[in-house]
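In what follows, a structure is listed as structure tokens, so that the remarks can point back to it.
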Amino acid sequence: MAKLNFYLCFFSAFICQFSIAQIPDYYSTIDFDQVGVTLRIQLSNLISDTHHTFLPYSSSSTDTWDVIKTADLTPENTDFVLLMYGYDDDDGEYISDRTRSIDDSCHSSSCIGLWTREHVFARSLANPALTTNDPGPGTDIHNLRACDSQKNSQKSNRLFIDASGNSRIIGDYFFPGDEWKGDVARIIMYMYLRYPSQCEAIDTSDGVISYAPENDMPNLFLEWNQQDPVSELELTRNEIIYSYQGNRNPFIDNPYLANKIWYGPEANDSWTVLSNANDNWDSILISPTLIENSISVSGVNSNQFKILIFNQLGQKLLECHNEKKVDVSELPSGVYLLSFQGAQSNKQHKFIKK
């Protein structure tokens with residue numbers, strides 16, 4: 001009963017704090033007029049400076065097991081944990097289970113039918129690798145999730161790949177499943193901001209990178225962040241981990257922060273105030289349509305954006321950042337597509353080069 005009351009207390013605190021659309025006090029030092037690298041560094045400093053406690057991986061005192069057994073409980077039944085990447089409790093296979101008794105955690109060498117702790121950002125993909133011998137990056141609970149032991153082994157250190165449906169291996173890669181891909185994206189983004197030189201997002205997927213101006217965030221994570229909204233479990237976890245570690249996952253608090261940093265498909269603005277502060281897309285003008293030497297963009301309020309020029313085959317020919325005038329004098333005559341990419345969305349314009 002005490003565990004249930006603890007769980008409900010934190011969930012109630014979440015409701016009180018975030019039911020009104022506003023920026024939480026935790027982020028009072030952040031200048032949200034900034035975008036891109038500047039905003040990324042500010043958030044990175046915040047979640048590092050407020051991370052006051054690293055818990056031991058396993059200990060007779062409070063450890064990561066204790067937090068997961070509080071943070072990963074199913075909303076429907078607090079005697080069970082939700083298993084990362086799981087999808088079916090009724091097919092007779094442990095590896096696909098979505099929930100399991102909180103008591104069925106693995107503390108031995110034989111773990112079939114038991115759940116263990118999954119490092120979503122795989123330990124060996126970090127540089128240097130994440131270790132769990134001492135409290136540190138490898139014991140950061142934002143990166144740890146309850147997971148069936150066999151599913152954990154199946155995922156191993158495979159790079160993430162895009163697909164649809166349930167979690168599974170695809171060649172040498174791993175798809176986390178439609179229910180979990182947003183969770184994965186927001187954890188990878190957190191780990192990159194919290195440990196920027198050790199846990200680079202690009203080391204967890206070899207997918208296309210075209211949204212992020214600094215080429216530091218694979219497209220699939222930005223797409224997953226938009227396609228799979230923040231779940232009740234993520235919200236509750238963030239509150240509980242915050243109470244233990246002192247820091248939060250900003251992308252759970254507001255998925256739209258990813259767009260402010262790396263652009264990409266527009267995710268939900270939980271606070272409803274960041275997306276409204278960006279460019280009025282109806283006011284952005286791209287001209288002229290028939291050109292000789294350069295094409296210009298006006299009406300831009302953002303201080304970070306990029307412009308891409310494609311030919312009719314969809315091949316990218318030019319890319320420039322934060323420049324409102326693009327020199328196209330070297331392009332041969334023909335029809336081209338300009339794509340303006342800001343923090344909120346894209347705007348495209350077809351033009352003819354004389």
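The values are calculated or read from the model by the stated rules, or taken from the named source; none is laboratory data. These numbers come from a predicted model, not from an experiment. Using ideal geometry, Cβ is built from the backbone for each residue, glycine included, and neighbour counts are taken over all protein chains shown.
For ASN301, all conditions in the list (1) modelled with pLDDT under 70; (2) in a strand (DSSP E or B) hold save one; what is the number of the exception?
(2)
Pick from SER108, SER124, SER156, SER149: which is of a type in the set (Gly, Ala, Ser) and surrounded by 13 or more Cβ atoms within 10 Å (Cβ to Cβ)? First the steps, then the outcome.
Details: SER108 fails: surrounded by 13 or more Cβ atoms within 10 Å (Cβ to Cβ); SER124 fails: surrounded by 13 or more Cβ atoms within 10 Å (Cβ to Cβ); SER156 fails: surrounded by 13 or more Cβ atoms within 10 Å (Cβ to Cβ).
None of the other options fit; the residue is SER149.
In this structure, is ASP216 at pLDDT 95 or above, more than 11 Å from the chain's Cα centre (by Cα) and under 30 Å from TYR336 (Cβ atoms)?
Considered against the rule, which asks whether it is at pLDDT 95 or above, more than 11 Å from the chain's Cα centre (by Cα) and under 30 Å from TYR336 (Cβ atoms), ASP216 comes out as yes.
For segment 159-172, what are the residues that are surrounded by fewer than 22 Cβ atoms within 10 Å (Cβ to Cβ) and touching a residue at least 24 places away in the same chain (Cβ under 8 Å)? Quick ask: steps written out before the conclusion?
As a first pass, look at segment 159-172 and keep what is surrounded by fewer than 22 Cβ atoms within 10 Å (Cβ to Cβ): 159, 161-166, 168-172.
Selection gives LEU159, ILE161, ASP162, ASN166.
Of all residues in segment 194-216 being charged (D, E, K, R) and farther than 19 Å from LEU39 by Cα, which is surrounded by the most Cβ atoms within 10 Å (Cβ to Cβ)? Steps first, answer last, please.
Here is the first cut: in segment 194-216, the ones charged (D, E, K, R) are 194, 200, 203, 206, 214, 216.
With the extra rule that they be farther than 19 Å from LEU39 by Cα, the set shrinks to 203, 206.
On the way: ASP203: 18, ASP206: 13.
Checked segment 194-216; the qualifying residue surrounded by the most Cβ atoms within 10 Å (Cβ to Cβ) is ASP203.
This table checks each residue for (1) outside any strand (DSSP E or B); (2) under 26 Å from THR53 (Cα atoms).
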site: ARG145; (1), (2): no, yes
site: LYS151; (1), (2): yes, no
site: SER164; (1), (2): yes, no
site: ILE187; (1), (2): yes, yes
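If you check TYR211 against the conditions, is it touching a Cys at 6+ places or on another chain (Cβ under 8 Å) and either closer than 16 Å to PRO255 by Cα or not assigned by TED's automatic domain parsing to the domain that holds GLN245 (or both)? It would help to see each step written out before you state the result.
On the way: touching a Cys at 6+ places or on another chain (Cβ under 8 Å): no; either closer than 16 Å to PRO255 by Cα or not assigned by TED's automatic domain parsing to the domain that holds GLN245 (or both): yes.
The answer is no for TYR211.
What number of residues within segment 189-212 satisfy the criterion of being closer than 30 Å to ILE309 by Cβ, of a type in the set (A, V, I, L, M, F, W, C) and assigned to a helix (DSSP H, G or I)?
Here the count works out to 3.
Can ASP91 be described as within 22 Å of the chain's Cα centre (by Cα) and of a type in the set (Asp, Glu)?
When the stated conditions are applied, ASP91 does not pass them.
What are the residues in segment 47-70 that are under 18 Å from GLN198 (Cβ atoms) and in a helix (DSSP H, G or I), if any?
Those that are under 18 Å from GLN198 (Cβ atoms) and in a helix (DSSP H, G or I): ILE47, SER48, ASP49.
Can you pull out the residues in segment 213-243 that are small (Gly, Ala, Ser) and in a helix (DSSP H, G or I)?
SER243
Right, GLY138: of a type in the set (Gly, Ala, Ser) and either farther than 16 Å from THR64 by Cα or assigned to a strand (DSSP E or B) (or both) or not?
So GLY138 does not fit the description; no.
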